[in-house]
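Participant: Before I ask anything, let me first share the structure, which is written out below as structure tokens.
No lab work stands behind these numbers, since they all come straight from the coordinates. The shown structure was predicted, so the numbers you read here are calculated from the model rather than taken from an experiment. Because the Cβ atoms are built from the backbone with ideal geometry, glycine has one as well, and the counts that use them run over all protein chains shown.
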Amino acid sequence: MKTALITLLGEVRKSLLISWTYRANVFVATFTLGFIFVGIGLLTGGGELDSEQLTFMFVGYLVWFYTRAAISDLSWGLRGEMSAGTLEQMSMSPVPIGLVLAGRVFTSLLLTTAQILIQGSVFFLLLDIRIPLRWEGIPILALTLIGVFGFGYIVAGATLVFKQSESLANVVENLLLFINGTMVPLDAMPAWLASIARAFPSTLGIAVLRRVVLDGRSLGLVWQDKSLVWLIVHSSICLAIGWLVFDRCERVAKKQGSLGQY
């Protein structure tokens, strides 16, 4: 337990130092993603920025922002270790690679939170977005991200085996932006597309988060209507599947002798 904690803290420190070294890239990404949000708001609003619609979208966009960061850091982080020739050294650690990556994800969450605070402040001032600050939204967001990490581990596993998985990561990120209720409610989608969207790890989380934050429902109410229960079950299953896929991919890469190759 002590070794795992030291390893995780070391990975967090390493990731923070790298992010600070390339902080200009972080700032550019923050504003670029902000422009994307505004652009989608103009498209869905018919050329106008409606504050009520933007508030609805921002809750889903917030979840997607965390999702994108988690998937990117898990997959691209591994590719960076491969190109630097340090992945095999990482695999020699007594702590599993998947757990080491958890430290990188934690750092990503911290940086993403800072980016969202910057964006949110600008949006609140310029776009009149008003989201109630309710503590009940924190556990809902955390449960949603647990399922998202499962998808991230699947993409990271693909990176171990196939090395270049940018296309897969981009497909997953775009799917989780456009057809999981982030920008458009499921009720406005065709029935077959809404059914597919409900299988994604963030779809149910976004819906529950909106009920709690925007509609003012308590955790007790979303527990009673079973939506919170299903969120816990769904996120747990997604994380378990993601971990198993990553572990299997790691074994395949080791068997092929290509773990650290790029």
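Participant: Can you put ASP247, ASP73 in order, fewest other beta carbons within 10 Å first?
Facilitator: ASP247, ASP73
Participant: Taking the convex hull of the Cα atoms, report for the range 166-259 its projected area averaged over all directions, in nm².
Facilitator: Mean orientational projected area (the range 166-259, Cα hull): 7.7 nm².
Participant: Pairing the Cα long axis of helix 137-162 with the longest principal axis of the chain, what angle in degrees results, from 0 to 90 and rounded to the nearest 10?
Facilitator: Roughly 40 degrees, rounded to the nearest 10.
Participant: Where the only charges are on Cβ atoms (+1 Lys, Arg; -1 Asp, Glu), what is the dipole of the range 2-256 about its Cα centre, to the nearest 20 debye? Walk me through the numbers on the way to the answer.
Facilitator: Details: 19 positive and 16 negative charges, 153 e Å.
With only Lys, Arg, Asp and Glu charged at Cβ, the dipole is about 740 debye.
Participant: Pairing the Cα long axis of helix 97-126 with the longest principal axis of the chain, what angle in degrees results, from 0 to 90 and rounded to the nearest 10?
Facilitator: Tilt of helix 97-126: around 30 degrees.
Participant: I've got another one for you. Given +1 on the Cβ of Lys and Arg, -1 on the Cβ of Asp and Glu, and no further charges, what dipole in debye does the range 128-242 carry about its Cα centre, rounded to the nearest 20? Please list the in-between numbers first.
Facilitator: Details: 8 positive and 7 negative charges, 34 e Å.
Approximately 160 debye in magnitude.
Participant: When 1/r is averaged over all different Cα pairs and the result inverted, which Kirkwood radius in Å belongs to the chain?
Facilitator: Working: mean 1/r = 0.0518 Å⁻¹.
The Cα-based Kirkwood calculation yields 19.3 Å.
Participant: Further question: Net charge near CYS249: determine it from the other residues with C-beta under 12 Å of the C-beta of CYS249, scoring Lys and Arg +1 and Asp and Glu -1.
Facilitator: Taking every other residue near CYS249 into account, the sum is +3.
Participant: If I fit a long axis through the Cα atoms of helix 51-84 and take the longest principal axis of the Cα atoms of the chain, what angle between them do I get, 0 to 90°, rounded to 10?
Facilitator: 10
Participant: Which Cα, out of ILE138, SER121, ALA191, lies furthest along the positive dipole direction of the chain (beta carbon charges, K/R +1, D/E -1)?
Facilitator: In the chain, that residue is ILE138.
Participant: Along the charge dipole of the range 2-256, pointing to its positive end and built from +1/-1 on Cβ of Lys, Arg, Asp and Glu, which listed residue (ASN180, VAL105, THR203) has its Cα farthest out?
Facilitator: VAL105
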